[in-house]
Amino acid sequence: MELWYTENHTDNVKFSIRVDKHLRSAESEYQRIDVFESEEFGRILTLDGYLMVTEKDEYIYHEMITHIPMAVNPDIKNVLVIGAGDGGTVRELTRYNHVENIDMVEIDEMVVEICREYLPQTASRLSDPRVHIFYQDGLRFVRGKENEYDLIIVDSTDPFGVGEGLFTKEFYGNCYKALKEDGILVNQHESTFYTSYANSMKRAHSRIKSPFPLALFYQAHFPTYPSGHCLFGFASKKFDPRADLKADWWNSLGIKTRYYNTILHTGCFAIPNNVRDQLRESGEHK
Amino acid sequence: MIFTQSKAPVLEAMEQHLQNRVVPFDVPGHKGGRGTKELTDFLGKSCLKADVNSMKPLDNLCHPVSVIKDAQDLAAEAFGAENAFFIVNGTTGSVQAMIMAACKAGEKIIMPRNVHRSAINALVVNGAVPVYVNPGTNKKLGIPLGMSVENVKKAIEENPDAKAVLINNPTYYGVCSDLRGIVKLAHEHGMLALVDEAHGTHFYFGEDMPVPGMAAGADMAAVSMHKTGGSLTQSSLLLCGKSMNAGYVRQIINLTQTTSGSYLLISSLDIARKNLALNGREIFRKTVQYAEYAREEINKLGGYYAFGKELCDGESFYDFDPTKLSIHTRDIGLAGIEVYDILRDEYNIQIEFGDIGNVLAIISAGDRALEIERLISAFSEIKRLYSKDKAGMFDHEYIDPQVIMPPQSAFYGEKKSVPITESSGYICGEFVMCYPPGIPILAPGEKITDDIISYILYAKEKGCMMTGTQDINIEYINVVI
C-alpha cells in the first residue's frame with residue numbers, strides 16, 4: 001500500500017510525503033484540519049490541505065520567528081502571538097524566564113485542541129501559566145489594544161485562507177498602535193521563488209513598511225516550505241536587529257537551540273540578490 | 001409542472017436544452033463560445049454555453065407562455081404579488097415601466113425629490129409631471145429621509161388630479177417611510193401606490209424587516225434582485241398587485257425593453273428567486289447579524305456614527321433597513337467620499353458609495369467574518385491616521401429644489417451651454433448627480449441656485465464621480481433659454 005500526502009506548491013510543482021497513518025481529520029468552522037503520521041517527517045499538521053508543521057523541521061521556523069526579536073531587546077516582557085495554534089512559537093517564548101505574559105490569539109479552537117492531542121512536541125507549553133489563549137479573530141483582538149506589547153509575532157497561515165486579514169495594511173497599522181514605543185513586529189512573509197508567493201510577499205512588504213520606520217527581511221531554510229526558502233519580516237519602531245543584537249547577553253541565557261545562534265542572527269539578514277531585486281520593486285530594502 | 005418554490009423552470013429548461021446538444025444556427029454568433037476563445041477563457045465555458053437566444057423550449061421574455069411564465073408566476077408567489085415580470089434592463093427598466101404604466105403625458109405623479117434618476121428619466125421620456133414632496137432631513141447626518149404621511153397628504157390634497165404616488169422603500173441609506181399609511185392614503189384618493197424597492201429585495205424574505213411593497217398593498221414595486229437578492233447585475237423584477245392589468249404592463253415593458261433578453265440574466269433571476277424562497281430567511285438573518293456587529297464595533301471606535309433603528313421617529317424616519325451599514329463620517333473631518341477613496345486606494349476595500357457626509361457598505365450573506373473585521377479595522381486606522389478638524393465641511397446632502405417646468409419640456413426645450421459657475425438663476429436643462437448614489441442634485445426643469453453650485457463644486461473637489469451633463473468634464477451645463 002502506498003499512501004502519500006501531496007501539497008501543490010504551484011500549479012506545476014508538487015511536494016509529497018509518504019504517509020504511514022492518517023491520524024485525524026476534522027472540519028472546524030474555519031477550515032479542514034488533518035494530522036498524518038509519516039516515516040520521514042514524523043507527525044504532520046495540515047490546514048485546508050496546506051502543510052503547517054512537521055515534527056522534523058518545525059524547530060527551524062519556530063526558533064527563527066522568536067529568537068531573532070528576543071535577542072534584540074532583553075526587556076521584552078509582554079508578547080502577543082497571533083495564529084500559532086500548534087504552540088511551537090509559544091514553546092520557544094516560554095524558554096525565556098523574564099517574559100511575563102504571552103497572549104496568544106488563535107481563531108480556531110479546534111486547531112489547538114487537535115495539536116494538544118496529536119502534537120505535544122509543539123503544544124506542550126501552551127499550559128504554561130504565563131500563556132493566555134484567546135479564541136478570536138486576530139484583527140479584532142489587536143484593534144482594541146494600544147501601547148501594550150513589546151513584541152507581536154504573527155505566525156499565520158498563508159494570505160489566502162483564514163489568515164488573509166493578517167497580511168493587510170489595516171492589520172499592520174493596528175499592530176503598530178498595539179505596540180509600545182520600542183515595539184517589534186515579526187511575521188511570516190512567504191518566499192519569492194514562485195511567482196504567486198512572490199506577489200503576496202511584495203504586497204505584504206509594501207503594506208508593512210508604511211507604518212513602521214524600519215522594515216527588514218531575514219531568511220531561513222527548511223525542506224517543507226514551498227521552495228525551501230522562507231522569509232520573515234522584522235518591523236520595528238526603534239531597534240535595528242543587526243546593530244542592536246545583544247549577543248553576549250543572549251548567549252549567557254544558555255538557551256539551547258538547534259538552528260538559531262547569534263552568528264546566524266547577523267547573517268540571516270543578508271538577503272540574496274533575487275529577493276533584494278524583488279523587494280526594490282515594492283520599495284527599498286536598506 | 002408541479003408548482004413549488006424548489007423548482008426553477010428556466011434553469012431546468014436550459015439544462016435540458018444544453019443536454020440535447022442542439023446545433024446552433026441562430027444567434028448569438030459566438031456559438032457557445034467556440035468562436036471567441038479569449039472571452040470563453042475569461043468568463044468560462046458554461047457561461048458562454050448558457051448565453052442562448054430565445055426559442056420555443058426556452059420561451060420568450062417579450063411574450064412569455066411557458067417556462068418564463070412559470071418562473072414569473074413562481075416569483076409572484078414568492079414575493080406575494082399578483083404578477084411578476086422579469087426585467088433585464090436593470091431596475092431602471094422596472095422603475096420606468098412602473099411609472100409609464102401608471103401615468104401618461106401631462107399627468108401628475110407625487111414623489112419625493114430624492115428618487116433615483118431612473119424615475120425622473122421616465123418623466124423625461126413620457127412627459128408626466130412630478131409633484132415633489134420634501135423628504136424630511138436629519139440635521140445631524142445631513143441626509144434626506146423618507147416622506148412623512150402628513151406631507152404626502154398635503155401633496156395629495158393640493159393635487160387631487162395626480163395619478164400615482166411613488167415611494168422609496170428604503171432610500172439608499174436604508175430609511176423607510178410609513179409605507180402602509182401612504183399606500184392607504186393614495187388608495188383613498190384613487191391614486192396608485194408605486195414602490196421603488198431597488199434596495200429592498202430582502203424585505204420580502206427576512207425577519208423583522210420593514211414592510212415590503214406588496215405586503216403593504218402597493219399596486220406596483222420595482223425590486224432590484226441583483227442588489228441584495230443574488231441575481232446577476234442588471235436583472236430585476238417588476239411586481240404588480242391585483243389592481244394592475246398585467247397585459248397592459250407587459251406592453252409598457254416591451255416599449256423599451258430589449259427583444260433579446262439575456263438568458264444569463266433570466267436564469268439568474270429564476271435561480272435567485274428559488275434560493276431566496278428556500279433560504280432567504282436564514283441568509284438575511286446572517287446578514288443582519290453581520291451588519292449589527294459592524295455597527296456596534298464601528299460606533300465603539302468613536303468619531304463615526306453608524307446609524308440604525310434608534311433614529312426612527314414615526315414620521316420621515318419611520319423604519320430602518322437593518323442590513324444597511326450607513327456611516328456618518330463628517331465628525332472625523334473627512335467627507336464620505338474621502339473615506340470611500342482611502343478605503344479603496346489604501347486598504348483594497350471597495351464600498352458601495354461615499355457622498356458628502358456618509359459612506360455606505362453593502363453587507364450580504366456572501367460576506368465572511370474576516371472581511372467584516374477588515375472593514376472595521378480599516379475604519380479604525382483611517383480615524384487614527386487621517387482624521388482632522390471638521391471646520392469648513394459641507395453639512396448637508398439635500399437641497400430643496402425649485403421646479404420651474406416639467407422635466408420633459410426642460411430636457412427637450414431650447415437650450416444653451418454655460419459654465420456651471422455662471423449658471424445661477426437659469427433653469428437647468430439636464431441632470432447633475434453624483435454616481436453613486438445617482439440621486440439628482442439638479443434635474444431638468446429646476447432652478448439653479450448659488451447653494452446648488454457650491455454643492456456641486458464641493459462634491460467635485462472632494463472627488464465624487466459626477467455624471468449627467470452633456471459636458472463630460474462637468475464644467476458646462478445646459479440651461480433652458
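Select, from B:339, B:359, the only residue that is within 14 Å of chain A (Cβ to nearest Cβ) and in contact with a strand residue (DSSP E or B) (Cβ under 6 Å, 6 or more places away or on another chain).
Only one candidate qualifies: B:339.
When the residues of segment B:457-481 are filtered to those that are surrounded by 23 or more Cβ atoms within 10 Å (Cβ to Cβ) and touching a helix residue (DSSP H, G or I) at 6+ places or on another chain (Cβ under 7 Å), which remaining residue is nearest to residue B:357 (Cα to Cα)?
B:464
Among the residues of segment B:345-356, what is the count of those that are within 14 Å of chain A (Cβ to nearest Cβ) and either more than 25 Å from residue B:231 (Cα to Cα) or acidic (Asp, Glu) (or both)?
3
Taking residue A:124 as meeting all but one of (1) out of contact with any helix residue (DSSP H, G or I) (no Cβ under 8 Å at 6 or more places or on another chain); (2) away from chain B (no Cβ under 13 Å), write down the number of the exception.
The one condition residue A:124 does not meet is (1).
Condition check ((1) touching a Phe, Trp or Tyr at 6+ places or on another chain (Cβ under 9 Å); (2) under 30 Å from residue A:108 (Cβ atoms); (3) touching a residue at least 24 places away in the same chain (Cβ under 8 Å); (4) assigned to a loop (DSSP other than H, G, I, E, B)) across all residues:
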site: B:374; (1), (2), (3), (4): yes, yes, yes, no
site: B:378; (1), (2), (3), (4): yes, yes, yes, no
site: B:383; (1), (2), (3), (4): yes, yes, yes, no
site: B:394; (1), (2), (3), (4): yes, no, yes, yes
site: B:398; (1), (2), (3), (4): no, no, yes, yes
site: B:418; (1), (2), (3), (4): yes, no, yes, no
site: B:424; (1), (2), (3), (4): no, no, yes, yes
site: B:457; (1), (2), (3), (4): no, no, yes, no
site: B:464; (1), (2), (3), (4): yes, no, yes, yes
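Restricting to segment B:153-169, and then to whatever is surrounded by fewer than 24 Cβ atoms within 10 Å (Cβ to Cβ) and hydrophobic (A, V, I, L, M, F, W, C), can you tell me which residue is nearest to residue B:220 (Cα to Cα)?
B:164
Can we say residue B:231 is touching a residue at least 40 places away in the same chain (Cβ under 8 Å), within 15 Å of residue B:73 (Cα to Cα) and touching a helix residue (DSSP H, G or I) at 6+ places or on another chain (Cβ under 9 Å)?
No, not satisfied.
What is the number of the single condition among (1) crowded, with 24+ Cβ neighbours inside 10 Å; (2) farther than 19 Å from residue B:352 by Cα; (3) touching a helix residue (DSSP H, G or I) at 6+ places or on another chain (Cβ under 7 Å); (4) among the aliphatic types (A, V, I, L, M) that residue B:209 does not meet?
Failed condition: (1).
Looking at residue B:453, is it part of a helix (DSSP H, G or I), within 26 Å of residue B:357 (Cα to Cα) and away from every other protein chain (no Cβ under 14 Å)?
yes
Which is part of a loop (DSSP other than H, G, I, E, B) and at negative phi, of B:98, B:147?
It is B:147.
Since residue B:365 meets every condition but one in (1) more than 18 Å from residue B:305 (Cα to Cα); (2) crowded, with 18+ Cβ neighbours inside 10 Å; (3) within 13 Å of chain A (Cβ to nearest Cβ), which condition does it not meet?
Among (1) more than 18 Å from residue B:305 (Cα to Cα); (2) crowded, with 18+ Cβ neighbours inside 10 Å; (3) within 13 Å of chain A (Cβ to nearest Cβ), the lone unmet condition for residue B:365 is (3).
Any residue at all in segment B:303-310 that is more than 24 Å from residue B:143 (Cβ to Cβ), away from chain A (no Cβ under 14 Å) and part of a helix (DSSP H, G or I)?
No, because not a single residue in segment B:303-310 is more than 24 Å from residue B:143 (Cβ to Cβ), away from chain A (no Cβ under 14 Å) and part of a helix (DSSP H, G or I).
Confirm whether residue A:76 is within 18 Å of the chain's Cα centre (by Cα), surrounded by fewer than 21 Cβ atoms within 10 Å (Cβ to Cβ) and within 30 Å of residue A:174 (Cβ to Cβ).
no
Keeping to segment B:97-145, report how many residues are within 14 Å of residue B:316 (Cβ to Cβ), crowded, with 24+ Cβ neighbours inside 10 Å and free of Cβ contacts under 8 Å to residues at least 40 places away in the same chain.
Residues in segment B:97-145 being within 14 Å of residue B:316 (Cβ to Cβ), crowded, with 24+ Cβ neighbours inside 10 Å and free of Cβ contacts under 8 Å to residues at least 40 places away in the same chain: 1 in total.
If you take the residues in segment B:371-425 that are closer than 18 Å to residue B:359 by Cα and away from chain A (no Cβ under 14 Å), which one is surrounded by the fewest Cβ atoms within 10 Å (Cβ to Cβ)?
The qualifying residue surrounded by the fewest Cβ atoms within 10 Å (Cβ to Cβ) is B:388.
Within segment A:213-239, take every residue that is within 30 Å of residue B:348 (Cα to Cα) and touching a Leu at 6+ places or on another chain (Cβ under 7 Å) and give me the one that is surrounded by the fewest Cβ atoms within 10 Å (Cβ to Cβ).
A:237
If I filter segment B:101-128 down to residues being in a strand (DSSP E or B) and over 17 Å from the mean Cα position of the chain (by Cα), which single residue comes out as nearest to residue B:396 (Cα to Cα)?
B:110
Please determine whether any residue of segment A:267-274 is within 19 Å of the chain's Cα centre (by Cα), closer than 30 Å to residue A:11 by Cα, in a helix (DSSP H, G or I) and not aromatic (Phe, Trp, Tyr).
no
For segment A:20-46, what are the residues that are among the hydroxyl-bearing types (Ser, Thr, Tyr), in a strand (DSSP E or B) and farther than 16 Å from residue A:123 by Cα?
A:25, A:38
Just checking, does segment B:69-85 include any residue being assigned to a loop (DSSP other than H, G, I, E, B) and more than 24 Å from residue B:242 (Cα to Cα)?
Within segment B:69-85, not a single residue is assigned to a loop (DSSP other than H, G, I, E, B) and more than 24 Å from residue B:242 (Cα to Cα).
I'm trying to understand the selection: among the residues of segment B:294-324, which are without any contact (Cβ under 8 Å) to a residue 40 or more places away in the chain and buried (at least 20 other Cβ atoms within 10 Å of the Cβ)?
B:295, B:306 - these are the residues of segment B:294-324 that are without any contact (Cβ under 8 Å) to a residue 40 or more places away in the chain and buried (at least 20 other Cβ atoms within 10 Å of the Cβ).
FYI, it's all coordinate maths here, none of it is from the lab. All of these numbers come straight from a predicted model, not from anything done at the bench. We place every Cβ from the backbone using ideal geometry, glycine too, and count neighbours over all the protein chains shown.
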